[in-house]
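A.B. asks: Structure below; questions to follow.
The values are calculated or read from the model by the stated rules, or taken from the named source; none is laboratory data. Everything numeric here is computed off the predicted structure, so don't read it as measured data. Positions of Cβ are backbone-derived with ideal geometry, glycine not excepted, and every protein chain shown enters the neighbour counts. To get the accessible areas, we keep the full protein, side chains included, count just its heavy atoms, and leave off ligands, DNA and RNA. Shrake-Rupley method; radii C 1.70, N 1.55, O 1.52, S 1.80 Å.
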Amino acid sequence: MNFFARRRLRNTLLCLVGMVLAYGLWRMLKIALRPAAIYTGFALLALVLALALFNGRKKLPFLPLMKASSWLQFHIYAGWLSVFVFLLHSGFRLPTGMLETILSVLFVIVALSGVAGLFITRLLPPAITRSGEPLVYERIPRYQHALRTEVEGIVEDAERQSGSTAMGNFYMSTLAPYFQRRSSVLLLAGNPSRHSQRILGQMDEYCRYLDEELVGSMGRLRECVERKRNLDFQNAAQRLLKLWLFVHIPFTYSLIIVALVHAWVALVYGGRL
Amino acid sequence: MDASGQTIRPARWDEPFDADVTPERVERILTLPPFDRMDPQRFPRHLPLAGILRNDTRLLTLKQDQIIVREGDYGNSAFLVLEGTARVVLESLPREVLGRSEGAKKGWFQSIARALGTRRLREQRPHHTIRQREADEDELTLLHDVPRVLEGKRTNDLQPGELFGEIAALGRSPRTATVIAAQNGTQMLEIRWQGLRDLMSYAPEMKAHIEQRFREHGLRSLLRALDIIRRLPQEAVDEIAAATEFERHGRMDWYGSYQQLLDKTTPSERLRTEPMILQQGDYLNGLIIVRGGFVRVSRKYHLGEQTTAYLGKGQCYGLKEIYQNAQKPGELVTSEHSLRAVGYVDVLVIPTVLVERLILPRLTAAEIRKLEPQGSISKTARPVKLSEDAREKLGPGIVEFFMDKRTINGGATMLIDLDRCTRCDDCVRGCASAHDGNPRFIRQGDQLEGIQITQACMHCHDPICMIPCPTGAIHREESGEVVINDRTCIGCSSCANNCPYNNIQMVEIRDERGMPQFPVKLDAKQRIVFDSQGSMTSLSADGAVQRATKCDLCHDLLGGPACVRACPHDALIRLDMQETDKLAAWLNR
Ligand code: SF4
Ligand code: SF4
């Protein structure tokens, strides 16, 4: 078993043990007629605060506070545990009342975005690596501009040399929209190569009507289509790798604020403050 | 092309080391020892003795207490005392006296204070003040308060005709002692390694002298570092030291042409250009020990050659073959592999007869087991760092990739597993926050099979960047990191130009307001000249003041490299490329 498999197994077991313990305590509190919701509520709040500390740790990399990867492991498995404690806290029932509903919705968004983030960060990097030439995300608009200019140059050269407008027409109708478009993350929803495959198919089709020289230019354009495919994929994938955090982190802060209000309300109206 | 139709290429002696070494001065030097004993007839016509002295040497006239070499520095010259006295300090001097950085790790509070005080603009420094570069250089090479610093320290005075620094220059190892000028006007002849190498080639007395000095001063301790020799009695070690042969392969200045070679040739072409140390199928005349540099171990594979491993400093090759030949004298066992010099290699060869007589009888049972025919290659004499079969564990292509990029030189190479890297740049931000907001590496680099060799200083085993530094600002810490002392760096770019991996960046430094800092003018008494508005007179035509910057492996941070600690996805590691077992374990996580 390799390092990652061993670590996954160990942490999963620890997490399951945590869940069993939490369930046992919850049952005991229930049997003893103690206010289980208060205890589970505080446990949940503590867990969420501990989970949120991960982002704080990221801001202090120069302090010897354990490696960020260890924090991430804690974040992932404590995250699963917090989902379980949330279920215990809610008594496995749907929320009632405005505050509880908002709080539950926020929790679900944070948890789901976290799970989505986990899958995204595990699945996309290998796909990016295998996609082709490595690209720096911030420079993608520049690469795209350079590629477009290159394509226009090839088309202009071909037109000039052949004296025909065949390439220009094809460029205007088919290639220009493709090369001008910046991909969105929705590209990842289906087959990320579908656009490029369609364009390549149309190029093959169009080659029937061209002479040998223009077919040569088409060959160069095919390489550009391949580069655009890589560019689109990397743009979408790298953007998604950043975007999910824009959901996860702000909603976490909102969750903490609403949770604190909820705790205060529960304590005050429960006559404990 | 010149008029005769020949191509004119830049040649080694186009630029002499020092234009002040005139033919008249060479005449005088030739009358001094040891040159007066050399036979000029032995030198080839294209490399005359006078030509070597004229082009590969430099005359230094030193002030009293001026440092000639610093302990721990890397240099590529030897020094000959011509006049006056050079004082060798036989004991270590404090780091700050030698212009080293403080070295101590920052505590929690210092780290927090530094983070809070992080400058918002890039490369801000307190004003470099106050002196011109030349003045800086002089000042930085002076040992201050000598009576106090040398109090109680053992020293040795070298007189005219005595040579020093040649072992470090030729072996590319750090200087073992600090040497200063003991009198005003002490005159030295600095001989760069190219000249020294040629003098050794054509003046047998020079070669004998240098080798004898190495045998006396360095060889025994080097041999004793090997497990199989450490346990031998003193007389046996002495006998081995007396018979050990020295060999050099490749070019010491490989790094100059390497980038071109990378651009223009295929990996197999590059392999063929590497000088052969031992050919597969040859009989082993002795045990080969790598003293400096790297050796490629390869064997024939179809029509080409497959790299199976590499050997670094202190590792040896050939014990298995010698052992098997000794066991079955009738059956000739030849080398299973070829050995080639990667760049430049310095090897020691212990003759087979001595290995058979002195080393084999004292091998342990465990060592012998590894030498039996089914055992694998490259039995290393020091703790076995090289994996049993690096190729098997590392996977096809990876060993060759690392060899080809010369990454094997790295003592702390940054590798990123691109299958885990989310391109979040937390590593870059981590590095920046540990360095006043300035990241010290670029998250890009060559890649193969999802592994990226990232562009960060590798803290090389053979740190070529250190060789030309005039002030010793770039140095190796005791813990191994190659570090630049920002206070003593004069921004001459020598290190950056010498780094074959382009991992040192020259940056323009800025003042507190974010304005570039320029050299300032000094008067005859070395005081700053102010203009009528009370500002320092800037010499902006000289260009802004620069400093060399690079990864320092966060040597002053408590937790170690911030990049490694900042990566949440276990994608980034710093690895000693000689530790192939660790490398293989990381790749196969
Ligand atoms: S070790 Fe430190 S200085 Fe070097 S790259 Fe990593 S964070 Fe930057
Ligand atoms: S911190 Fe890790 S995952 Fe993020 S960019 Fe750096 S190496 Fe990649």
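A.B. asks: If the only charges are +1 at each Lys and Arg Cβ and -1 at each Asp and Glu Cβ, what is the size of the charge dipole of the protein assembly as shown around the Cα centre, to the nearest 20 debye? If you can, show how the numbers build up before the last one.
C.D. replies: Working: 110 positive and 97 negative charges, 814 e Å.
I would put it at about 3900 debye.
A.B. asks: May I ask you to order B:197-203, A:140-146 by the average number of other C-beta atoms within 10 Å around their residues, highest value first? Write down the numbers at each step before the final one.
C.D. replies: Values: B:197-203: 19.9, A:140-146: 14.7.
In descending order of packing, they fall as B:197-203, A:140-146.
A.B. asks: Which of B:430, B:560, B:473 sits closest to the plus end of the dipole of segment B:407-587, meaning its Cα is farthest towards the positive end, when Lys and Arg get +1 and Asp and Glu get -1 on the C-beta?
C.D. replies: Value computed over the given set: B:473.
A.B. asks: Return the Rg/Rh ratio of segment B:229-383 with Cα-based radii and a Kirkwood Rh. Display every interim value, and only then the final one.
C.D. replies: Values: Rg = 16.4 Å, Rh = 16.5 Å.
Dividing the radius of gyration by the Kirkwood radius yields 1.00.
A.B. asks: Still on this structure, I have one more. Suppose we compare each residue of segment B:421-470 in its chain alone and in the full protein complex with a 1.4 Å probe; which ones drop by at least 20 Å² of accessible area?
C.D. replies: B:422, B:423, B:426, B:433, B:444, B:447
A.B. asks: Rounded to the nearest 100 Å², what is the sum over both chains of accessible area buried where A meets B, with a probe of 1.4 Å?
C.D. replies: Values: alone 16570 and 27780 Å², together 41740 Å².
The buried area between A and B, both sides summed, comes to about 2600 Å².
A.B. asks: Can you tell me the relative contact order of segment A:137-238? Whole percent, Cα pairs under 8 Å, sequence separation 6 or more. Walk me through the intermediate numbers first.
C.D. replies: Values: 69 pairs, mean separation 44.3, N = 102.
Worked out over segment A:137-238, it gives 43 percent.
A.B. asks: Looking at B:112, A:44, B:310, which one has the Cα that reaches farthest to the positive end of the dipole of the protein assembly as shown (charges on Cβ: Lys, Arg +1; Asp, Glu -1)?
C.D. replies: A:44
A.B. asks: Separate question: Using each residue's phi in segment B:543-549, evaluate 6.51 cos²θ - 1.76 cosθ + 1.60 at θ = phi - 60° and report the 3J(HN,Hα) Karplus result to the nearest Hz, with x for Gly and Pro.
C.D. replies: Those phi angles translate into x, 5, 5, 10, 9, 7, 9 Hz.
A.B. asks: If you put +1 on each Lys and Arg Cβ and -1 on each Asp and Glu Cβ, how big is the dipole of segment B:19-61 around its Cα centre, in Debye rounded to 20?
C.D. replies: Working: 7 positive and 6 negative charges, 20 e Å.
Magnitude of the dipole: close to 100 debye.
A.B. asks: Can you give me the Kirkwood hydrodynamic radius for the protein assembly as shown, using every pair of distinct Cα atoms, in Å to one decimal? Walk me through the numbers on the way to the answer.
C.D. replies: Numbers: mean 1/r = 0.0309 Å⁻¹.
Evaluated over the protein assembly as shown, this radius sits at 32.4 Å.
A.B. asks: How would you rank B:356-366, B:482-492, highest first, on the average number of other Cβ atoms within 10 Å across their residues? Could the numbers behind the result be given before it?
C.D. replies: Numbers: B:356-366: 13.9, B:482-492: 20.9.
My ranking of the peptides, most packed first, is B:482-492, B:356-366.
A.B. asks: For a test of the definition: using alpha carbon positions, the gyration tensor, and the 1.5 limit on a/c, classify segment A:137-238 as rounded, prolate or oblate. Walk me through the numbers on the way to the answer.
C.D. replies: Numbers: a/c = 2.69, a/b = 1.74, b/c = 1.55.
Prolate is the answer for segment A:137-238, as a/c is 1.5 or above and a/b outweighs b/c.
A.B. asks: Right, another one. Picking from A:98, A:121, A:166, whose Cα lies most toward the positive end of the charge dipole for chain A (charges on Cβ: Lys, Arg +1; Asp, Glu -1)?
C.D. replies: Projecting each Cα onto the dipole axis, the largest value belongs to A:98.
A.B. asks: Under a 5 Å amide H to amide H cut-off, with H placed in plane at 1.01 Å, what residues pair with residue B:56 once short-range neighbours are removed?
C.D. replies: Counting only residues 5 or more places away or on other chains, the set is B:17.
A.B. asks: Let me ask something else about it. Can you give the calculated 222 nm mean residue ellipticity of chain A, where each DSSP H run of n ≥ 4 adds -39,500 (n - 2.57) and the sum is split over every residue, rounded to the nearest 500 deg cm²/dmol? If you can, show how the numbers build up before the last one.
C.D. replies: Values: 9 runs with 213 residues, N = 273.
-27500 deg cm²/dmol, from helical runs alone.
A.B. asks: Moving on to the next point. Across segment B:575-589, in residue order, what do the Karplus-derived ³J(HN,Hα) couplings come to in whole Hz, using 6.51 cos²θ - 1.76 cosθ + 1.60 with θ = phi - 60° and x for Gly and Pro?
C.D. replies: 10, 6, 6, 7, 8, 5, 5, 5, 4, 5, 5, 5, 5, 9, 5
A.B. asks: Starting at the first residue of segment B:351-363, write each ³J(HN,Hα) from the Karplus equation 6.51 cos²θ - 1.76 cosθ + 1.60 with θ = phi - 60°, in whole Hz, x for Gly and Pro.
C.D. replies: So the Karplus estimates, Gly and Pro as x, are x, 3, 4, 6, 4, 5, 7, 9, 9, 4, x, 9, 6 Hz.
A.B. asks: State which helices in chain A qualify, where a helix is a whole DSSP H run, it must extend 24 Å or more along its own axis by its Cα atoms, and its mean Kyte-Doolittle hydropathy must be at least -1.0.
C.D. replies: Helices meeting the criterion: A:3-31, A:36-58, A:68-89, A:98-131, A:140-162, A:212-269.
A.B. asks: Right, another one. Arrange the peptides A:221-232, B:300-311 so that the one whose residues have, on average, the most other Cβ atoms within 10 Å appears first. Before the final figure, lay out each step's value.
C.D. replies: Values: A:221-232: 19.3, B:300-311: 17.2.
In descending order of packing, they fall as A:221-232, B:300-311.
A.B. asks: Treating only the Cβ atoms of Lys and Arg (+1) and Asp and Glu (-1) as charged, compute the dipole magnitude of segment B:407-587 about its Cα centre; round to the nearest 20 debye. Present the calculation step by step, with values, prior to reporting the outcome.
C.D. replies: Numbers: 17 positive and 24 negative charges, 108 e Å.
Value, rounded to 20: 520 debye.
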